[in-house]
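Enquirer: My questions all concern the structure below.
The values are calculated or read from the model by the stated rules, or taken from the named source; none is laboratory data. Note that the structure is predicted; figures quoted are calculated from it, not measured. All Cβ positions, glycine included, derive from the backbone under ideal geometry; neighbour counts span all protein chains shown. To get the accessible areas, we keep the full protein, side chains included, count just its heavy atoms, and leave off ligands, DNA and RNA. Shrake-Rupley method; radii C 1.70, N 1.55, O 1.52, S 1.80 Å.
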Amino acid sequence: MLEEDTEQAYENVLAEIQSFELPIEATLRSVYDDQPNAHKKFMEKLDACIRSHDKEIEKMCNFHHQGFVDAITELLKVRAGAEKLKVQVTDTNRRFQDAGKEVIVQTEDIIRCRIQQRNIITVVEKLQLCLPVLEMYSKLKEQMSMKRYYSALQTMEQLETVYFPRVSQYRFCQLMIDTLPKLREDIKEISMSDLKDFLESIRKHSDKIGETAMKQAQQQKSFSVALQKQNHARFGKNMHANNDRILEEKNDIVLKHVLEEEAENDEEVLTVQDLVDFSPVYRCLHIYSALGDEETFENYYRKQRKKQARLVLQPQSSVHETVDGYRRYFTQIVGFFVVEDHILHVTQGLVTRAYTDELWNMALAKIIAVLRAHSSYCTDPDLVLELKNLIVIFADTLQGYGFPVNRLFDLLFEIRDQYNETLLKKWAGIFRDIFEEDNYSPIPIGSEEEYKVVISKFPFQDPDLEKQSFPKKFPMSQSVPLIYIQVKEFIYASLKFSESLHRSSTEIDDMLRKSTNLLLTRILSSCLLNLIRKPHIGLTELVQIIINTTHLEQACKYLEDFITNITNISQETVHTTRLYGLSTFKDARHAAEGEIYTKLNQKIDEFVQLADYDWTMAESDGRASGYLMDLINFLRSIFQVFTHLPGKVAQTACMSACQHLSTSLMQMLLDSELKQISMGAVQQFNLDVIQCELFASSEPVPGFQGDTLQLAFIDLRQLLDLFMVWDWSTYLADYGQPASKYLRVNPHTALTLLEKMKDTSKKNNIFAQFRKNDRDRQKLIETVVRQLRALVTGMSQHV
């Protein structure tokens, strides 16, 4: 079995060798690797296989030999024909060569033409490839010359991305490529120069832009206000129905006038685009964006605009002197921010809302600081009011562009206080002029027309006066209706500032009442007090001032109604401020009353200073002194004027005058410079006091009970009675008793007067000392003097 397997393996190896499909190295290696004698056996097997194949080849050759012999025979037969054919072919070839020489020449010409044609086509193709590049470059040059720089940049981009790559192998292309950076730099410089010119232009024209924007905002606001007033007049509730038709017609006229102005100005309405050519900034932005340097452009633009903002926000030193100065200041600021708002909305990213808000906050802080500083110099309320109107238009304009303006309206409340101060100063001058020009006499009325004129100016109601026939007089003087009118004018002036402040009617009502209270309590009260204290104001004028203040006080309720009609805020509202006119005029009236008492006493002193007593006279003249009768007549006439005063005022004045006269007369007797008084002088003095008592008992001012007014002279009366009767025993005996007849006589006063009479008795009776009566009287005086001195000494020790 092993030998059979070996034989079969050799056959397989031979089959593999004959197949030429497997690598023979591996096959042979398998033969040599199997057995030690495998090579020999294999060689034997191989020889046997070769011999077998040789036999098969021999059989095959024997089988085809006859065919081979026949083929050789046929070839030998064909050889002769082949030789003939060769000769014929050679001859034909020669004849063809001779005939084709001209064709070859022509063919070479054709080939040369075809090469030229191919070269031409190649050149044309290359030129067609280069021509668009050259055309685009020529277009670029043309755009540069026509200053179409953004289009030029787009052309450059097309050249670089589309055209130059097609012709990059040509030298002219590289030359063109080298020129593009320089062109870009030129475009940047030119566009930046245009931007600088643009910035300078808008700096110069910002006031015109702002003026136009503010004018349009004002027109729009005027139209809205007129329309609102018309609607209120037609549909609102008015407290005075009889004024509705007049108010409505007036508002219709105002609205018609506003509409006519709007129609006239429609064709003249200019926008910021009409006033400013923004193409440089658009062009520059597009150029820098195309160059990829947009951030540089944005930073430069914002930096320059911030510098311009600081210049615009810096006012001139004389801005506060005229309203035109403020107007120029505001229009420049408005123009600046109108331009920035336009740039914000038409460009993308050049300015942002955060950037404009930052600029506005910076500007707002500067504007408020400027207005606070410069408005403090304004002393003219009309200028302050015009400034307020400018600020409102300024705020409304910028608010329309989306800028917050609440801080400006807060500032207006500060300026309102200043406006009120300037109003108060102005009305202080007006009140002073009214008081200076007043004649302080009741207003005379000669006809019904004159009566109606006064009633139309001042709310006066007196049925008794209406019943009187003409001519007649109003109790107040001319200053009262003038003061009332000016207070209303002040309210109107104060209201003008409160308009357009976007405040409620309640707030406006409160502002009007507070400012009116300041006018009454500070200005009018001060003017009245200064008037009352003026030296040239006499008693008659003071009486008229008291009457005037009474009527002004009564008119305060009409002023409150006047404010209510303006604001439509009822006085019954909880938080409604009341007018302080009641206290104001009461204080003025009290001051006038005090001044009446003072001036009346001063007048009495003037009369008393005219007294010219002969203190050493032996007997009296038998009649009262002339100065005293003049004084009493003066007091009678004055107290007749006092009948127009309230009863208590007249009574107080009369009592004060009598007390002051009594005190003055007592001081005259006790004057330290008066050393001697005769009995005749005492009698004369007694006659004067009797006239004073008669005056007091005649009731110069009604309303006194019993002998109340006469009690003002009780001290003088008891003192003079004591000296006239010479009842010293009774005085000394009853001193200190409640029922004493001379209860009001002070021992010190009696002693002083008695010593003066004692000295007079000594001098007048130098030679009369030998008369017994005179000696007794002198002794009595000395005795009484000693007793009075002891009494005064005891009183001082007791104290």
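Enquirer: Once the piece of chain linking residue 776 and residue 507 is laid out straight, how much longer is it, given 0.36 nm per residue of separation minus the C-alpha distance between them?
Expert: The residue 776-residue 507 span can extend by a further 87.8 nm.
Enquirer: Pairs of alpha-carbon atoms within less than 8 angstrom and 6+ residues apart define the contacts here; what relative contact order does segment 591-719 have, in percent?
Expert: Relative contact order comes out at 38 percent.
Enquirer: What number results when the radius of gyration of segment 589-724, computed over Cα atoms, is divided by 2.2 N^0.38 Å?
Expert: 1.07
Enquirer: Let me ask something else about it. For the cross-link pairs 452/586; 188/303; 426/496; 306/366, which exceed 25 Å when the distance is taken from alpha carbon to alpha carbon?
Expert: Table pairs above 25 Å Cα-Cα are 452/586.
Enquirer: Tell me the Kirkwood radius of segment 59-135: reciprocal of the mean inverse pair distance over distinct alpha-carbon atoms, in Å.
Expert: Value: 18.7 Å, from the Cα pair sum.
Enquirer: Additional query: Leaving ligands, DNA and RNA out of it, work out the accessible area of residue 506 with a 1.4 Å probe and give it in Å² to the nearest 10.
Expert: 80
Enquirer: Which length gain, in nm to one decimal place, applies between residue 69 and residue 52 when the Cα-Cα distance is subtracted from 0.36 nm times their residue separation?
Expert: Extending this stretch completely gives an extra 3.5 nm.
Enquirer: Based solely on C-alpha atoms, express the radius of gyration and the Dmax of segment 528-678 in angstrom.
Expert: In order Rg, Dmax, the Cα atoms of segment 528-678 give 22.6, 82 Å.
Enquirer: Another question about this same structure. Extension gain residue 496-residue 675, at 0.36 nm per residue separation less the Cα-Cα distance, in nm?
Expert: Between residue 496 and residue 675, full extension yields an extra 57.2 nm.
Enquirer: Report the calculated FRET efficiency for residue 437 and residue 464 (r = Cβ-Cβ distance, R0 = 25 Å), to the nearest 0.05.
Expert: It comes to 0.30.
Enquirer: What is the distance, in nm, between label points placed 7 Å from the Cα along the Cα-to-Cβ direction at residue 617 and at residue 748?
Expert: Spacing of the two 7 Å Cα→Cβ label points: 3.0 nm.
Enquirer: Hey, rough spin-label estimate for residue 590 and residue 352, points 7 angstrom out along Cα→Cβ, what's it come to in nanometres?
Expert: Between residue 590 and residue 352, the simple spin-label model gives 6.8 nm.
Enquirer: Okay, moving on. Based on the Cβ-Cβ distance of residue 96 and residue 127, what FRET efficiency does E = 1/(1 + (r/R0)^6) give at R0 = 41 Å, to the nearest 0.05?
Expert: 0.40
Enquirer: Expressed as cubic angstrom per residue, what is the convex hull volume of the alpha carbon set of segment 588-642?
Expert: With only Cα atoms used, segment 588-642 gives 72 Å³ per residue.
Enquirer: In a Debye calculation with equal point scatterers on the alpha-carbon sites of segment 62-193 and no solvent, what is log10 I(q)/I(0) at q = 0.19 Å⁻¹?
Expert: -1.05
Enquirer: Considering only C-alpha atoms, what is the centroid distance from segment 616-675 to segment 687-743, in Å?
Expert: Comparing the Cα centres of segment 616-675 and segment 687-743, I get a distance of 15 Å.
Enquirer: Can you compute the FRET efficiency between residue 602 and residue 456 using 1/(1 + (r/R0)^6), with r the Cβ-Cβ distance and R0 = 35 Å? Round to the nearest 0.05.
Expert: Working from the Cβ atoms, E equals 0.30.
Enquirer: What ranking do 435-447, 492-504, 592-604 get when scored by the average of other Cβ atoms within 10 Å per residue, highest first?
Expert: Ranking, from highest mean packing down: 592-604, 492-504, 435-447.
Enquirer: What order, most packed first, do the peptides 192-201, 464-473 have when packing is the mean number of other Cβ atoms within 10 Å of each residue?
Expert: Ranking, from highest mean packing down: 192-201, 464-473.
Enquirer: For residue 414, put the label point 7 Å out on the Cα→Cβ axis and report which residues of segment 356-399 keep their amide N under 14 Å from it.
Expert: Of the residues in segment 356-399, 364-377 have backbone N under 14 Å from the label point off residue 414.
Enquirer: Evaluate the distance, in nm, between pseudo-label points positioned 7 Å from the Cα of residue 699 and of residue 640 along their respective Cα→Cβ axes.
Expert: Result: 1.8 nm between the two label points.
Enquirer: Which order do the peptides 554-561, 73-80 take when ranked by the mean count of other beta-carbon atoms within 10 Å per residue, highest first?
Expert: Highest-to-lowest ranking by the protection proxy: 554-561, 73-80.
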